[in-house]
Amino acid sequence: MLTLHPERMYLFPAMIIIPLIFGVLMIIPIGGADMPTVISLLNSYAGLSAAAMGFVLDSKLLIVAGALDGASGFILSVNMSKAMNRSFTNVLFGAFGQEQATAATGQEARPVHSATPEEAAAILAAANKVVIVPGYGMAVAQAQHKVRELYDALTKRGVDVTFGIHPVAGRMPGHMNVLLAEADIPYDKLLDMDQVNGDMPQTDVALVIGANDVTNPAARTDASSPIYGMPILDVDKAHTVMVIKRSMNPGFAGIDNPLYYLDNTLMLFGDAKAFVGNIVKELAGNSGGH
Ligand code: NAP
């Protein structure tokens, strides 16, 4: 049995406060984007503490279960970092200074073409084939239901609409599939990267909704890029690319995206849910075939 020594009770607040401060300080430098890796790591810590508790309580079950949890959580964290083409230490300590490093490249001054919801709606309505590429921003904005409305509005006009799903779009495996399924988008319209890339040159409009890294052509062309070699959705090969995002800020990898400066790219600046909602309103107010 554990016994509490009253003379040591004064240590109790310190034992609560010091780990609390340590926990907050450890999490602060980690970019919000790395949250799945961090959750998995914290899960691993919980396993280790359960194992330690097992030693204190002399419980073999707790030791074995805690050790399993601790080890598997750690292995999963390391594997997730590898899948994102980043080192584990970079995930844990890499967020500080990341923005400055990108700013130092000085690419913000390059001009981009932007468009309004009315213009975007007109381009979409005139298209025959549209590929929608969702990413983390669609999840943040919870725009999937508006995306469904857009899908309905366009298919009603006879536009062929499919979705290009990148395996690491979002922040967890299957993130986009789950959200689009929640919005009742037909599953056969969700195409994986290889299926969709072959058709990209025949695609009138690639509509990127809150995705960034998974569409970055630097992964194909720039050997110095941290995402070089990562397979991407070749949206730049579509006739017109439209990108919904709030700013020119980078995505998870913290790097600039040359896609935004191409002549065939239109930036649609705004929150994904609001912007898609406005496009849908435009299409509804202007219904009819093309
Ligand atoms: P991303 O590269 O992180 O880009 C997401 C974009 O969404 C941002 O550029 C952001 O731009 C925009 N955004 C954020 N909130 C928005 C809103 N409310 N409305 C509109 N846009 C919004 O995302 P991704 O292209 O999906 O790529 C996923 C990245 O996460 C990859 O680098 C992948 O390696 C990594 N990752 C994936 C997993 C996984 O298992 N899927 C796990 C961990 C990490 P603004 O700020 O300008 O709006």
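Just so it is clear, none of the values below were taken in a lab; they were calculated from the coordinates. These numbers were taken from a predicted model, which means no experiment stands behind them. With ideal geometry, Cβ positions are generated from the backbone for all residues, glycine too; neighbour counts draw on all protein chains shown.
Rundown of residues vs (1) out of contact with any strand residue (DSSP E or B) (no Cβ under 6 Å at 6 or more places or on another chain); (2) among the β-branched types (Val, Ile, Thr); (3) without any contact (Cβ under 8 Å) to a residue 12 or more places away in the chain; (4) surrounded by fewer than 22 Cβ atoms within 10 Å (Cβ to Cβ), yes/no style:
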{"position": "224", "(1), (2), (3), (4)": "yes, no, yes, yes"}
{"position": "235", "(1), (2), (3), (4)": "no, yes, no, no"}
{"position": "241", "(1), (2), (3), (4)": "no, yes, no, no"}
{"position": "250", "(1), (2), (3), (4)": "yes, no, no, yes"}
{"position": "261", "(1), (2), (3), (4)": "yes, no, no, yes"}
Query raised in the report: Taking the condition closer than 28 Å to residue 274 by Cβ, away from the ligand (no atom under 13 Å from the Cβ) and hydrophobic (A, V, I, L, M, F, W, C), does residue 168 pass?
Result: no
Report summary line: Contact list, first residue from the stretch 117-146 and more than 13 Å from the ligand (Cβ to nearest atom), second anywhere and acidic (Asp, Glu), beta-carbon distance below 6 Å, six or more apart or interchain, is 117/282; 118/282; 121/282; 127/204; 128/204; 129/160; 129/204
Query raised in the report: Among the residues of the stretch 179-232, how many are within 18 Å of the chain's Cα centre (by Cα), part of a helix (DSSP H, G or I) and not polar (S, T, N, Q)?
Result: 9
Report task. Those residues that are within 22 Å of residue 87 (Cα to Cα) and buried (at least 18 other Cβ atoms within 10 Å of the Cβ), I need them from the stretch 39-62; list them, please. Result -> 40, 41, 44
Requested in this report: State all residues of the stretch 204-240 that are among the basic types (Lys, Arg) and more than 17 Å from residue 133 (Cα to Cα); if no residue qualifies, say none.
Outcome: 220
Query raised in the report: Quick check, is residue 159 surrounded by 15 or more Cβ atoms within 10 Å (Cβ to Cβ) and within 9 Å of the ligand (Cβ to nearest atom)?
Result: no
